[in-house]
Structures are given as structure tokens and as C-alpha cells.
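*Asks:* Questions regarding the structure given below will be posed in turn.
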Amino acid sequence: ATAGPRSFSAAEVRARCAQGACLVSCHRRLYDLSGFVRLHPGGEQLLRRRAGTDVSAALDGPPHRHSANARRWLEQYYIGEIEPGDEQVPPRGRTRAGSLSEAVDEKEVVAAAQTPEQTDLCYKTVDVEKDLVDWQKPLLWQVGYLGEKYDEWVHQPVDRPIRLFHSDFLEFLSKTAWYVVFIVWTPVVLYLSWFSYTSLAQGNTRLFSSFTTEYSIPIHKYYFPFIFLLGMILWSLLEYLIHRFVFHMKPPASNYYLITLHFLLHGQHHKSPFDSSRLVFPPVPAALVIGFFYGVLRLLLPKVLGLSVFVGGLCGYVIYDMMHYYLHYGSPKKGTYLYGLKAYHVKHHFEHQKSGFGISTRFWDYPFRTLIPEETFKKED
């Protein structure tokens, strides 16, 4: 027979929180959010302030009503039940209403420290027996068989790493630490920027020179910063278009290969949005895509001019990848641009998968009318 959920006394919860754990309750259900506090879009301090409290009212808002996916995500951190009668313990000292964080007895802390094994999480991030895929095997070759169930399944995020390939070598190539992108591409950006500027300084680059000599326009070296900036702006548009129309295409339910391709490109990220090894683009496939876009610019523009636009776009890509990682793993200060952008991006993952396609900027969501609407609701009595 399966053992029932473990019961926790209010004293034990107080002691765990005093030791630095972030335990919250929803009615009598208790959750350990210690491993999630840095990832919370509202900021780490917000969750820390709620440690030891009942968050059932906060889940309904205002200012934010948590989505069904967010509530499902919370269940991954379930560790047991509050003992009957302890969920409404009147607080002593400076605590919030409904809090379990009474004044902590030193003996309680000592007792908690002596039984660390009792704080081990007893949840499973995925119910292996009920899930549609076998998490003990690589997922890439399984998802294509989900058919019409794929779209709903892939947009129900879980907090666990994903294995894609049977081959350890291919699996290694599919993972990338965030700093690898910076290390690989920053020297390329610096070198190509210097090369473009010095080439423009020679005064041999003219626009429309392939069509006419009389009316061609000279491109001076002083134009380089503006051309570079143009490349970054073009990248931000390209980022939006790729994210919306490629990464968020809805593959036909009957097409095994398109479902598999979608999961490889982006579906894996939506299924496991906090898998730190899959938040930036691996350099090898990135080089192929980057080379393609350089070839396009080389065909459309004079060599040095095309290279100047390209290096601006490449810089925009590096900033985008670094920012994307930070939006998932950073803890920006409340009220800053990145704080709002982090909350915006997390909403895209958990609730608004058909909007909010801008990552490094929300600008293109405005003209394309895919902006995630602000929540304006009155909390029900």
C-alpha cells in the first residue's frame, strides 16, 4: 500500500523556515519552494516574505491571478499536509495574517536541524505512470506519436531536465551553458566590427554601384555605428518572426516528423522552461543559421555594407541569448525594465503561448498585435 502524505506541525514549519527553507501552504497542503525562489517571476524576496504563510489568496490575486499551469507547477513541490488545527495558528510577533511563522523556539530549530532527512521532497515532478511519454527514455523520438495530444502536452511545463537523444555525443551537442555563447561569438563580433570599420575607412564602398556609377552613394566610415544599429534592429524583428512563425508553428497532428522537429526546435523549451542547459542556442547549429543569413545579406548588399549590417545583427543575437537566459534564471530588481520583461516572458510560457513573442523587447508585439494584455480585474469577495 502507498503511504499517505506526511503531516507537518506548525512548529516544524516554523523551524524549517527559520533555517532558510521557503515553505508555503495552500489551505492544508504544504509546498517546499526553496529550489524555486530565484526563478519566481515576482522575485525571490516576494516568496521569501511569504515563507510560512498560506498563499491560497495570493494565487487568485490581485495583482496577478495565477494560471492553471502555474497551479499545476506548484503541485510539483508538494511535500505533505499541515496537521489539523495548525493551519490557522494565530501569529505572535511581526508576521502576516494567516502565517505559520510564529516566534520560533530555539529548540524547534535544533530539532529540525537534527532531522534533515525529513525535509526531503516526496513529490515527483512528473507522474511517470500517467504521463504520455516515458521520461526514462529520450523524448525526441516519442513526441511524434502524441498526435493531437502533443500541443496540450508540450504547453504544460514541468520542472525537470529533458533528454533528447540516445547518443551521449548528440546529447552533449544539444546542451549549452549560457557563457559558451558569449565566449564563442563575442570575439567574432569584435573582429568583424573592426574589419568592417577599417574597410569602410578605405572609401571604396558605394551603395547602388552595381546599377549605376553616377548616382551611387558613398558609405563613409562614420556611418558604421548607424549601420551596426540597423543590424541590431533587424535582428530584433527577425527574433520576433522566428519565434512566432517557426518556433510556434502548430505541427499537424498526423505528421510525426513535424511534431518531432517542433519539439527539437522549441517544444522542449516550453515543456521544461527552466532546464538551464537548453536556454541558449548551441554554437554548431547556430553557426549554420548565422552563415545562411550572412549569405543572404551578401547577395543583397555590397560586401562591406552587408558585413556591417550582419555584425550588428550578430551582436543583437548574442544580447538576445544572454537576456533570454537571464529572464529565466535572473532575479531582476522590482520596477526595472528586466523585471517587467521577465514577468512578461514567464506569462508567455505559462499562460499566453499564442502571444508575447518578443523576448529582448516587446516592441514588435505592438504592431503585430500580439501583446500580452495587462491584467485588470477586481478580486472577488
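*Asks:* Working only within the stretch 215-254, note down all residues that are more than 30 Å from S196 (Cα to Cα) and either of a type in the set (D, E) or free of Cβ contacts under 8 Å to residues at least 24 places away in the same chain (or both).
*Replies:* We begin by selecting, within the stretch 215-254, every residue more than 30 Å from S196 (Cα to Cα); these are 244-254.
Across the stretch 215-254, the qualifying residues are F245, V246, F247, M249, P252.
*Asks:* Name the residue that is farthest from Y197 (Cα to Cα), counting only residues in the stretch 347-367 that are assigned to a helix (DSSP H, G or I) and open to solvent by 20 Å² or more (accessible area, probe 1.4 Å).
*Replies:* The extreme case among them is F350.
*Asks:* Now for a separate question. Search the stretch 160-180 for residues that are within 15 Å of D275 (Cβ to Cβ) and open to solvent by 90 Å² or more (accessible area, probe 1.4 Å) and pair each with any residue that is part of a loop (DSSP other than H, G, I, E, B) and of a type in the set (G, A, S) when their beta-carbon atoms are under 8 Å apart and the residues are at least 6 apart or on different chains.
*Replies:* Listed pairs, sorted by first residue: P161/S272.
*Asks:* Something else about it: Whether any residue in the stretch 306-319 is closer than 30 Å to Q142 by Cα, part of a helix (DSSP H, G or I) and in contact (Cβ under 8 Å) with a residue 24 or more places away in the chain is what I want to check.
*Replies:* Within the stretch 306-319, none of the residues are closer than 30 Å to Q142 by Cα, part of a helix (DSSP H, G or I) and in contact (Cβ under 8 Å) with a residue 24 or more places away in the chain.
*Asks:* Find all pairs meeting these conditions: Cβ atoms under 6 angstrom apart; at least six residues apart or on different chains; first residue within the stretch 28-42 and without any contact (Cβ under 8 Å) to a residue 24 or more places away in the chain; second residue assigned to a loop (DSSP other than H, G, I, E, B).
*Replies:* Close Cβ pairs satisfying both conditions: S34/A21; S34/C22; V37/C22.
*Asks:* Given (1) over 19 Å from Y325 (Cα atoms); (2) open to solvent by less than 30 Å² (accessible area, probe 1.4 Å), where does F245 come up short, assuming only one miss?
*Replies:* The failed condition is (2).
*Asks:* Please go through the stretch 280-297 and give me each residue that is surrounded by fewer than 14 Cβ atoms within 10 Å (Cβ to Cβ) and in contact (Cβ under 8 Å) with a residue 12 or more places away in the chain, ordered by number.
*Replies:* The answer is V284, and nothing else.
*Asks:* Then there is this: Give the residue, chosen from L338, L327, that is part of a helix (DSSP H, G or I), among the aliphatic types (A, V, I, L, M) and in contact with a Lys or Arg (Cβ under 7 Å, 6 or more places away or on another chain). Quick ask: steps written out before the conclusion?
*Replies:* Working: L338 fails: in contact with a Lys or Arg (Cβ under 7 Å, 6 or more places away or on another chain).
L327 is the lone residue from the list that is part of a helix (DSSP H, G or I), among the aliphatic types (A, V, I, L, M) and in contact with a Lys or Arg (Cβ under 7 Å, 6 or more places away or on another chain).
*Asks:* Can you say whether K342 is touching a residue at least 40 places away in the same chain (Cβ under 8 Å) and surrounded by fewer than 17 Cβ atoms within 10 Å (Cβ to Cβ), as far as the supplied structure shows?
*Replies:* no
The values are calculated or read from the model by the stated rules, or taken from the named source; none is laboratory data. Every value quoted in this text rests on a predicted model; they were computed, and no experiment measured them. Glycine also receives a Cβ, built like all others from the backbone with ideal geometry; neighbour counts cover every protein chain displayed. These accessible areas exclude ligands, DNA and RNA; they are computed on the full protein's heavy atoms, side chains included. Shrake-Rupley method; radii C 1.70, N 1.55, O 1.52, S 1.80 Å.
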